[in-house]
Ligand code: SF4
């Protein structure tokens, strides 16, 4: 049965099975550093970030063609040996009940699995990690962890403690991971970025990525200019006071 939050968002329990795949990129060299991967896009999200670049997956996935899981598996089987892994992205993949079974099938093919998540579903995240089904997790930390700051970005109520639990779960796991923040004008201050850095103390990878005004969930965001490069550099300097491993997406760091 589907559960609705008061804001109309589907709750993390509002899931259906089997897994629904709405996008499949057969090969990417940039989604997982050092690896050749395929990318799967699963529809649905419990947030409504105004700058989201996947509005079709969040709002109107019913208008998108569903890609049969079997055809994805067949394609991956054919590439066995030269694709290292699969990135499961969205939307928010942990909303789908069939996620675990999908990952088990990918692992059975010998593929590594990276999960992109907004961190709102620590229960699923923990389950997947405990069962050894993930090789890498990338979690958004969209704002300082307060209801006010976070809901400003996500467009509705957020379970801050759930987000904090996801951060702890990831930090306590020994798998490769990344926390990342989209730097968007009006959403993040110098104080805010410092608060975020303190929340993810101990991480081996924290990434600042600049907002880009294209294909945004809220069309008014198309008028917003990205933050100047100096702002990202300033934020990076602030974060470096707490974390040794802070990068700006797209900036060489080796
Ligand atoms: S940016 Fe991510 S968390 Fe936000 S609405 Fe889009 S898919 Fe959901």
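Worth a mention:
Residue-wise test of (1) within 19 Å of residue 137 (Cβ to Cβ); (2) touching a residue at least 40 places away in the same chain (Cβ under 8 Å).
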residue	(1), (2)
192	no, yes
203	yes, yes
211	no, yes
215	no, yes
240	no, no
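- Qualifying residue in segment 96-114 (condition: modelled with pLDDT of 95 or more, within 21 Å of residue 30 (Cβ to Cβ) and within 16 Å of the ligand (Cβ to nearest atom)): yes
- Scan of segment 43-68 for residues that are surrounded by 20 or more Cβ atoms within 10 Å (Cβ to Cβ) and more than 10 Å from the ligand (Cβ to nearest atom), ordered by number: 61
- Of all residues in segment 136-147, those satisfying the criterion of being touching a helix residue (DSSP H, G or I) at 6+ places or on another chain (Cβ under 9 Å) and away from the ligand (no atom under 14 Å from the Cβ) are 137, 144, 145, 146, 147.
Listed here are the residues, each with its yes/no results for (1) in contact with a helix residue (DSSP H, G or I) (Cβ under 9 Å, 6 or more places away or on another chain); (2) part of a loop (DSSP other than H, G, I, E, B).
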site	(1), (2)
149	yes, no
197	yes, no
201	yes, yes
221	no, no
244	no, yes
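- Apart from one condition, residue 157 fits all of (1) more than 13 Å from the ligand (Cβ to nearest atom); (2) at pLDDT 95 or above; (3) farther than 22 Å from residue 39 by Cα; the exception is (2).
- All positions within segment 112-134 that are touching a residue at least 60 places away in the same chain (Cβ under 8 Å), closer than 17 Å to residue 41 by Cα and touching a helix residue (DSSP H, G or I) at 6+ places or on another chain (Cβ under 9 Å): 112, 118
Listed here are the residues, each with its yes/no results for (1) at pLDDT 95 or above; (2) within 14 Å of the ligand (Cβ to nearest atom); (3) in a helix (DSSP H, G or I).
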position	(1), (2), (3)
127	yes, no, yes
153	yes, yes, yes
161	yes, no, yes
178	yes, no, no
181	yes, yes, no
185	no, no, no
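- Within segment 203-219, the set of residues being surrounded by 12 or more Cβ atoms within 10 Å (Cβ to Cβ), touching a helix residue (DSSP H, G or I) at 6+ places or on another chain (Cβ under 9 Å) and in a loop (DSSP other than H, G, I, E, B) comprises 203, 211, 213, 215, 216, 217, 218.
The values are calculated or read from the model by the stated rules, or taken from the named source; none is laboratory data. In this text, all values refer to a predicted model and were calculated from it rather than measured experimentally. All Cβ positions, glycine included, derive from the backbone under ideal geometry; neighbour counts span all protein chains shown.
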